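So the structure is just underneath, and the comments pick up after that.
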Amino acid sequence: MSAAAAIDTGSPADGRGALSSPLLKTELLSVRFGGLAALSEVNFQVARDEVRAVIGPNGAGKSTFFNCLTGVLRPTGGRIMFDGEEITGLRSNLISQKGIARSYQITNILPNASVLENVRIAAQSRRHAWNMFSHHDTFADINEKTEAALQAVGLLGKAHELAANLSHGEQRNLEIGIALATEPKLLCLDEPTAGMSAAETGETKELIRRIAKKLTILIVEHDMEVVMELCHRITVLHYGQILAEGTPQEIQDNPRVQEVYLKT
Amino acid sequence: MSTANGDAAAESATPLVRVDDVHTYYGKSHILHGVSLTVGRGEVVGLLGRNGVGKSTTLKTIMGLVQPSRGTVAFGGNAITGLPPHKLARMGIGYVPEDRRIFRLLTVMENLRTGLDRAGVGEDKRKALLDKVFAYFPVLAERRSQAGGTLSGGEQQMLAIARAMMLEPRIILLDEPTEGLMPRMVSQIGQIIEALHDEGIAILLVEQNVPLTLQASKRVYIMEKGLVRHHCAASEIDVNDAVIKQYLGV
Amino acid sequence: MGAIVEFLHSIPIDLLIIQTVNGIVTGMILALVASGLTLIFGIMDVVNFAHGELFMLGAYMGVIAFAVTGNFWLALVLAALIIGLFGAALQIVTLRPLIGRDPLNTILATFGVSLVLQNYALWQFGPVARKMSEPIGAEFTLFYLQYPWYRIVIAVLSGAIIGALWLFLKFSKFGVWIRATTQDRVMAQAMGIPVPLVYTGVFALGAAMAAASGVLFAPFGGVDSSMGLQWVLEAFIVVVVGGMGNLAGSIVAAIFISLLEAYAAVWLNPSQAVIVSFVVLILTLLFRPTGLFATPK
């Protein structure tokens, strides 16, 4: 069950996934902090196997949006439906069990554990292991999942390295590997290339391209190259509302989007 | 990457601030990959770039709030890399951070005093500085006994700039002054920058608002992923140029 | 009904009033010790376990200065100054290198300093307690007691010192520096405020206040190397109950706890009365762990 080698996920603009029912859907999603509307009646959908970027200038509501989807923040209005089920207001551990995984902007790994152990802990979370006495090595399926995830992010060769000893780029990829080990249906990546050099960004871009084959992915990113090259569609947020949605080409050609970014 | 043809004097004299091949890390995160830039005496220089490219980190490195692991920063020809921030403030570098960071529990007057109460400022100078700043920002005079935290966003931005002016700086590092402000305040910020420039204060302006930056600056640097990617006179480009679209647009 | 009347009759009103006065006097000294402690914690985030020893060394300095000058008040000022400077030196040597590190390190450091200072005092001054005579011998009649005026003077003086501290923090230049540093250390530096110096100054101030309390207390109970222990324990309780970093809170808490203990001493014996402060501490931690009077920073 090892992850397949890189397979072409289809060109970004082919509108793939438009016909199946949406994996994730929000209806009139709102978040108010006192008098401030961080999100304002957002109607958002993403189809299965789609790679969607969520972009927007500072304060647009991208983090708030992610926090709602992953149960970190409770919306003040509206609904979130995931794979046919309503998940509005559920706590983050339950949402994780439903199949939404998230990587964070600030690296969230366990520095004193090995790369393998970091991922295995996540793989274990999917099964309720009431068996506390068997050695962890005896759970074959968990080990397989762990190796598959490590292979997918290119860290299988460093499985026994201490996570603290990895380079920054490798740590960010480990973070993605941890999310993958939970075998999610939806992977939310929060600024996966933050703080990376151009070379590391290129590697992570390829990594995401590889794993996008069997996964629905939402990415918040500021690096426009990554966004344009990886994503099927882009959603632009501005002041808590959706300003525009479309293929990368459509968004680039949209004068209103340019205005908002350049503050003209 | 030639500098502007404008002021020959500014070109040949030692720049007021020189950042040379600076690498800065936050823990393991390599934010600045070798940034180099200069600001001439009395010059307004813009620093543009998307979120996360390292603009604020560049300002923080100049201000000594983070130490570079490689490279040097010089002020008025003297190396200042590694000096603590309070020394740099005394030497004449003013800092206006991205989230303003005024002292919320201190009054407006006390906020100003943090910069005003220093050696070498006699009664006359004190009065002159306060008068100047209240002329720039009359609303601060009105609210001088109010706690900083009760001011509106725009007023806090003015207080943050006024506070830096109390240091009689030779350069002010301005980090995204228009962020979160209403559109009509943006032109006010432009006027303030011009007024500061008229007094001979140099400004390193970090911004994402392209029209404001191009209008206010003499030269601009554009950063991407921790490096300076483009450098030219502000007059040489405008907001519709391909280079702006590439590094700042979508 | 009759039992209640009998009970009310049995309450020794005069004794309670005497204990109220005693409670306030002790409370004011405790407030002075505790305010130094809460200042250091509130501004520098340092838990100063050596505070009791600064109190004790202040008392010894007072004894020596009094022997040299013959004037109690001069001795008070000298002791505060000397221990203040000593505190500054202590902070520079032991605490400044630890800025930015795990808070556990400063706790261990100040605890270590406290052990060193206690044993130094024992070695230097010997185990026999020193006595210091009160500067004002006059007494007034309070019910059936001859009550020393000196005790009233201590309470007033402690209050005055704390009041002066409050004025200093509110209006002086250093006060603005200190408050700015407490709110935003990084931005304070960017405004040219020499933060390392501010920290040293605050520690010196706290030390001077502890020393002053030591000298004021000395005529009460004698001066020996372990006198700091009991006071620092009570001072910590006061700081927690009043809210860490909350100056007004510590003063109110100090008087509150001292009054309760003084009243308890009417019915219990003094060593049992101390239990009161622990009860108050436990209740505070259970129900209002940030302190009874904690204000948001």
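None of the figures in this text is laboratory data; all of them are computed from the coordinates on show. Quick caveat: nothing in here was measured; it's all calculated off a predicted structure. Glycine also receives a Cβ, built like all others from the backbone with ideal geometry; neighbour counts cover every protein chain displayed.
Below are the figures for this structure:
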{"read-out": "Estimated [θ] at 222 nm from DSSP helical runs (n ≥ 4, -39500 (n - 2.57)) normalised by residues in chain A, nearest 500", "value": "-9500 deg cm²/dmol"}
{"read-out": "Expected 222 nm ellipticity per residue - DSSP helices of 4 or more, -39500 (n - 2.57), all of chain B, to 500", "value": "-10500 deg cm²/dmol"}
{"read-out": "Whole-Å distance, taken between Cα centres, linking region A:104-120 and region B:132-148", "value": "50"}
{"read-out": "C:Phe171 paired with B:Glu194, simple spin-label distance in nm, labels 7 Å along Cα-to-beta-carbon", "value": "4.4"}
{"read-out": "Tensor-based shape of region B:139-209 (alpha-carbon gyration tensor, a/c under 1.5 rounded, otherwise prolate or oblate)", "value": "oblate"}
{"read-out": "Percent RCO, i.e. relative contact order, over region C:155-259, from Cα pairs under 8 Å lying at least 6 residues apart", "value": "11"}
{"read-out": "Anisotropy class of region C:226-297 from Cα gyration tensor, a/c 1.5 cut", "value": "prolate"}
{"read-out": "Inter-chain Cβ neighbour average for residues B:84-97, partner chain, 10 Å", "value": "4"}
{"read-out": "Cα centroid separation - region C:54-127 against region A:144-210, whole Å", "value": "55"}
{"read-out": "A:Glu41/A:Gln249 FRET efficiency (R0 35 Å; Cβ-Cβ; nearest 0.05)", "value": "0.80"}
{"read-out": "FRET efficiency estimate (nearest 0.05) - Cβ-Cβ, B:Ser235 to C:Asp102, R0 51 angstrom", "value": "0.45"}
{"read-out": "GNM result for chain A, Cα springs below 10 Å: residue of A:Ile109, A:Ile219, A:Ile234 fluctuating most strongly", "value": "A:Ile109"}
{"read-out": "Kirkwood hydrodynamic radius over Cα pairs of region C:168-254, then Stokes diffusion coefficient at 37 °C and 0.692 mPa s, in µm²/s", "value": "220"}
{"read-out": "Highest to lowest packing among C:157-169, A:148-160, scored as the average C-beta count within 10 Å", "value": "A:148-160, C:157-169"}
{"read-out": "Percentage, to the nearest whole number, of Cα pairs in region B:175-250 over 15 Å apart", "value": "57"}
{"read-out": "Rg ratio (alpha-carbon, reference 2.2 N^0.38 Å) - the protein assembly as shown", "value": "1.16"}
{"read-out": "Assigned charges on the beta-carbon of Lys, Arg, Asp, Glu; chain B dipole about Cα centre (debye)", "value": "740"}
{"read-out": "Peptide-level mean, for A:222-229, of C-beta atoms on other protein chains within 10 Å", "value": "3"}
{"read-out": "Cross-link reach list, lysines versus A:Lys98, counting only Cα pairs under 16 Å and skipping chain neighbours closer than eight places", "value": "A:Lys25, A:Lys185"}
{"read-out": "Net charge of Cβ neighbours under 10 Å - reference A:Ser96; Lys, Arg +1; Asp, Glu -1", "value": "+4"}
{"read-out": "Most mobile of C:Met209, C:Met132, C:Met191 in a GNM of chain C (Cα contacts under 10 Å)", "value": "C:Met191"}
{"read-out": "Degrees between helix C:103-125 axis and first principal axis of chain C (Cα, 0 to 90, nearest 10)", "value": "60"}
{"read-out": "Average partner coverage of A:193-205, which counts Cβ from other chains inside 10 Å", "value": "3"}
{"read-out": "Ranked packing of B:35-42, B:90-97, most packed first, by mean Cβ within 10 Å", "value": "B:90-97, B:35-42"}
{"read-out": "Globularity ratio of region C:1-59, using Cα Rg and 2.2 N^0.38 Å", "value": "1.87"}
{"read-out": "Computed lengthening from C:Phe143 to C:Ser271, 0.36 nm per intervening residue step minus Cα-Cα distance", "value": "43.6 nm"}
{"read-out": "Cα gyration tensor category, rounded, prolate or oblate, for region A:19-64 with a/c compared to 1.5", "value": "oblate"}
{"read-out": "Extension reserve of the C:Tyr120-C:Glu134 stretch, reckoned as 0.36 nm per residue once the Cα distance is removed", "value": "2.4 nm"}
{"read-out": "Chain C - percent relative contact order, Cα under 8 Å, separation 6 or more", "value": "36"}
{"read-out": "Cα-only radius of gyration and Dmax that characterise region C:31-235, units Å", "value": "17.8, 62"}
{"read-out": "Simple spin-label estimate for B:Ser152 and B:Lys28 in nanometres, 7 Å along Cα-Cβ", "value": "4.6"}
{"read-out": "Sum of side-chain charges, C:Pro148 neighbourhood, beta-carbon under 14 Å (Lys, Arg +1; Asp, Glu -1)", "value": "-1"}
{"read-out": "Highest-fluctuation residue, C:Ala138, C:Ala180, C:Ala59 considered, GNM on chain C with Cα pairs under 10 Å", "value": "C:Ala138"}
{"read-out": "Likely footprinting exposure, B:Tyr221, B:Tyr26, fewest C-beta neighbours within 10 Å first", "value": "B:Tyr26, B:Tyr221"}
{"read-out": "Cβ-Cβ FRET estimate between A:Glu161 and C:Leu81, R0 fixed at 56 Å, reported to 0.05", "value": "0.45"}
{"read-out": "Of A:Lys158/B:Lys225; B:Lys60/B:Lys132; B:Lys132/B:Lys218; B:Lys55/B:Lys245, pairs whose Cα-Cα distance is over 23 Å", "value": "A:Lys158/B:Lys225; B:Lys60/B:Lys132; B:Lys132/B:Lys218"}
{"read-out": "Inter-probe distance in nm under a simple model that places probes 7 Å from Cα toward Cβ, at B:Thr14 and C:Asp45", "value": "3.7"}
{"read-out": "Chain A, relative contact order in percent, only Cα pairs under 8 angstrom and at least six apart counted", "value": "28"}
{"read-out": "Expected 222 nm ellipticity per residue - DSSP helices of 4 or more, -39500 (n - 2.57), all of chain C, to 500", "value": "-25000 deg cm²/dmol"}
{"read-out": "Alpha carbon centroid spacing (whole Å) that separates region C:170-243 from region A:220-262", "value": "55"}
